[in-house]
Amino acid sequence: GAVVSQHPSWVICKSGTSVKIECRSLDFQATTMFWYRQFPKQSLMLMATSNEGSKATYEQGVEKDKFLINHASLTLSTLTVTSAHPEDSSFYICSAFGTGWETQYFGPGTRLLVL
Amino acid sequence: DAKTTQPTSMDCAEGRAANLPCNHSTISGNEYVYWYRQIHSQGPQYIIHGLKNNETNEMASLIITEDRKSSTLILPHATLRDTAVYYCIVRGSGNTGKLIFGQGTTLQVKP
């Protein structure tokens, strides 16, 4: 199957700082990527859809100025959590589609802890 | 996208078949049924998907009823490593369709 990686796998930061998470498709070109967030003992919640070369589409209730998404190439999308606060602590997961594919593949996730 | 209903939890004995049901009574004609699973603290793993015919791959089988209002994921010989949360998701065709996760079924495989 297709491989999606995320970096870093976990990060601890101080409140008020910004954190960037990278999502890469390693062996295919991803025209569309998705970002999810998952709190403990809850299901995945879709945050936004990212298309290469265009602005991300955010789900209702997700602050676009706080969660900046950039999909600058066909293999890389980044999520920047700006001015992070403890309530932003969560498990962030990305997924990607290849062109013409029917199946999304997920990255391993990034665990963010804001102190 | 159609909503799905799954049991909250299930147990299965190691080596036996695990049958995970899913109801999707409002599914549309062009919507696929997808199954993913999430092992603790990892990203979801794709298992299988289908439109109306039954499907089988190296991981599992997917049985879809003729009216497409429900389906069953079958893990033929469950192992302890199959303990995970299993998500049944209905999604339209094309790569712009989102995967919206419900609460899923927590499958506990016991020795």
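Only Lys, Arg, Asp and Glu carry charge here, each on its Cβ (+1 for the first two, -1 for the last two); on that basis chain B has a dipole of about 180 debye about its Cα centre. Each Lys and Arg contributes +1 and each Asp and Glu -1, all at the Cβ; summed about the Cα centre of the protein assembly as shown, the dipole is approximately 360 debye. Taking the fewest neighbouring Cβ atoms within 10 Å as the starting point, the ordered list for B:His49, A:His7, B:His40 is B:His40, A:His7, B:His49. Towards the positive end of the charge dipole of chain A, with charges on Cβ (+1 Lys, Arg; -1 Asp, Glu), say which of A:Phe97, A:Asn70, A:Leu113 has the farthest Cα. About the Cα centre, the residue reaching furthest to the positive side is A:Leu113. For chain A, the dipole from Cβ point charges (+1 on Lys and Arg, -1 on Asp and Glu) about the Cα centre works out to 260 debye, to the nearest 20.
For B:Lys69, a cut-off of 12 angstrom between C-alpha atoms picks up these aspartates and glutamates, skipping any fewer than 8 places away in its own chain: B:Glu31. Other residues within the sphere of radius under 14 Å centred on the Cβ of A:His7, judged by their own Cβ, net out at +2 (K and R +1, D and E -1). Charged neighbours of A:Leu112, selected by a Cβ distance under 15 Å, balance to +2 (K, R count +1; D, E count -1).
When cysteine pairs in the protein assembly as shown are screened for C-beta atoms closer than 4.7 angstrom, the residues that find no partner are A:Cys13, B:Cys12.
Peptide B:99-108 has a mean shielding of 3, counted as Cβ atoms of other protein chains within 10 Å of each residue's Cβ.
Spherically averaged projected area of the convex hull of Cα atoms, the stretch A:26-115: 6.2 nm². Grab the alpha carbons of chain B, take their convex hull, and tell me the volume per residue in Å³. Per-residue hull volume (Cα only) is 94 Å³. Think of the protein assembly as shown as having a plus end and a minus end, set by charges on the Cβ of Lys, Arg, Asp and Glu; of B:Ile27, B:Ser71, B:Gly43, B:Gly43 sits farthest toward the positive end of this dipole.
Starting with the highest mean, order B:57-66, A:72-81 by the number of other Cβ atoms within 10 Å, averaged over the residues of each peptide.
In decreasing order of mean packing, B:57-66, A:72-81 become A:72-81, B:57-66.
Spin-label pair A:Trp10-B:Thr8: with each label point 7 Å from Cα along the Cα-Cβ axis, the two points sit 2.9 nm from one another.
Neighbour counts of other Cβ atoms within 10 Å put B:Arg81, B:Arg16, A:Arg37 in the fewest-to-most order B:Arg81, B:Arg16, A:Arg37.
Note on B:42-50: average number of Cβ atoms from other chains within 10 Å of each residue's Cβ is 5. The label-point distance for B:Leu51 and A:Leu26, in a model that sets each label 7 Å from Cα toward Cβ, rounds to 3.2 nm. On the principal axes of its alpha carbon atoms, the protein assembly as shown extends 50, 38, 32 Å, with the longest extent given first.
We did not get these values from a lab; they are worked out from the coordinates using the rules stated. The structure presented is a predicted model; accordingly, all values stated were derived computationally and were not measured. No Cβ is skipped: glycine too gets one built from the backbone with ideal geometry, and neighbour counts run over all protein chains shown.
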